[in-house]
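The values are calculated or read from the model by the stated rules, or taken from the named source; none is laboratory data. Note that this is a predicted model, so its numbers are computed, not measured. Heads up, the Cβs are rebuilt from the backbone with ideal geometry, glycines too, and the neighbour counts pull from every protein chain shown.
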Amino acid sequence: MTDEETAFEPLENSDELRLLRAFAEHGVRSIVVGGYAVRVHGRFRPPGDLDLVVEPVAENLDRMKDALAALGVADAAAVRELFSLPAPGKWDWRDGLLDRHVDLLSAALPFSFADLASRATELDYEGLRLLVISRDHLIASKRAALMDPNRHDTKKAQDREDLEALLGCGKGSPTGAGGFSLS
């Protein structure tokens, strides 16, 4: 198992993995951000939850709605509508089987889905093709989160620790200049 695959080990037999499989089956375009992305890029900490940015275009949102409905999410249509609004959308899925959850997001500020997808790291986990936010985009989004006056202090502390580890882990350029790959 590669380091990138090991980053996803906490997903084994989880609701998060069920959601990723449903998204794959329905062709939902999404990008892993947050704790799992931090793990892919070198800092092995408990991820807490799975954060996914979903491409907020009508066809993809329809596929997301169908995937959520297949998982038994009663308000799948409402989630789809939330993600079609111009303001960034966020929805938290907890189906009660485990004490973990999935946050679905329509953006990872300051980046659009297209920006994230253009430089995302692609990897395979248990037959699933996963896109993960690039290291430089992850660093920039952590920096932006630290500047958010509405972000909770506990989350800011986690962001600060993640950022320090990402800048010190030596993979790629800490400034985000140039391309790189996880190999």
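Could you tell me whether D92 is under 14 Å from I31 (Cβ atoms), in contact with a strand residue (DSSP E or B) (Cβ under 8 Å, 6 or more places away or on another chain), at pLDDT below 90 and not in a helix (DSSP H, G or I)? Working first, answer last.
Values: under 14 Å from I31 (Cβ atoms): no; in contact with a strand residue (DSSP E or B) (Cβ under 8 Å, 6 or more places away or on another chain): yes; at pLDDT below 90: yes; not in a helix (DSSP H, G or I): yes.
So D92 does not fit the description; no.
So if I check each of L71, L82, L146, L98, which one is within 22 Å of D159 (Cβ to Cβ) and at pLDDT below 95?
Details: L71 fails: within 22 Å of D159 (Cβ to Cβ); L82 fails: within 22 Å of D159 (Cβ to Cβ); L98 fails: within 22 Å of D159 (Cβ to Cβ).
After applying the criteria, what remains is L146.
For residues in the range 154-183 being under 12 Å from I139 (Cα atoms) and surrounded by fewer than 12 Cβ atoms within 10 Å (Cβ to Cβ), which is modelled with the highest pLDDT?
Once the filter is applied, the top-ranked residue is G168.
Being within 16 Å of the chain's Cα centre (by Cα), among the hydroxyl-bearing types (S, T, Y) and at pLDDT 90 or above is the requirement here; does S106 meet it? Step through it out loud before you land on a result.
Numbers: within 16 Å of the chain's Cα centre (by Cα): yes; among the hydroxyl-bearing types (S, T, Y): yes; at pLDDT 90 or above: no.
Considered against the rule, which asks whether it is within 16 Å of the chain's Cα centre (by Cα), among the hydroxyl-bearing types (S, T, Y) and at pLDDT 90 or above, S106 comes out as no.
Is there a residue being over 13 Å from the mean Cα position of the chain (by Cα) and without any contact (Cβ under 8 Å) to a residue 12 or more places away in the chain anywhere in the range 120-136? First the steps, then the outcome.
Initially, the range 120-136 is screened for residues over 13 Å from the mean Cα position of the chain (by Cα), giving 123-129, 136.
Pick out the ones that are also without any contact (Cβ under 8 Å) to a residue 12 or more places away in the chain and you get 127.
Yes: one or more hits.
Per-residue answers, yes or no, for (1) of a type outside the set (F, W, Y); (2) touching a Cys at 6+ places or on another chain (Cβ under 9 Å):
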| residue | (1), (2) |
| --- | --- |
| S14 | yes, no |
| R29 | yes, no |
| G34 | yes, no |
| G42 | yes, yes |
| D66 | yes, no |
| S106 | yes, no |
| F113 | no, no |
| E122 | yes, no |
| E126 | yes, no |
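Only residues in the range 143-157 that are farther than 17 Å from D51 by Cα count as the first member; pair them with residues that are part of a loop (DSSP other than H, G, I, E, B), Cβ under 9 angstrom, at least 6 apart or cross-chain, and list the lot.
D148/L109
Just checking, does the range 65-73 include any residue being of a type in the set (A, V, I, L, M) and assigned to a strand (DSSP E or B)? Show your work before the answer.
Taking the range 65-73 as the starting set, the residues that turn out to be of a type in the set (A, V, I, L, M) are 67-71, 73.
Imposing the further condition that a residue be assigned to a strand (DSSP E or B) reduces the set to none.
Looking through the range 65-73, none of the residues is of a type in the set (A, V, I, L, M) and assigned to a strand (DSSP E or B).
Please go through the range 1-51 and give me each residue that is among the β-branched types (V, I, T), modelled with pLDDT of 90 or more and assigned to a helix (DSSP H, G or I), ordered by number.
Step one: filter the range 1-51 for residues among the β-branched types (V, I, T), giving 2, 6, 28, 31-33, 38, 40.
Keeping just the survivors that are modelled with pLDDT of 90 or more gives 28, 31-33, 38, 40.
Scanning the range 1-51 gives V38, V40.
Just the residues that are surrounded by fewer than 16 Cβ atoms within 10 Å (Cβ to Cβ), closer than 25 Å to A70 by Cα and either hydrophobic (A, V, I, L, M, F, W, C) or in contact with a strand residue (DSSP E or B) (Cβ under 6 Å, 6 or more places away or on another chain) (or both), please, taken from the range 20-48.
A24
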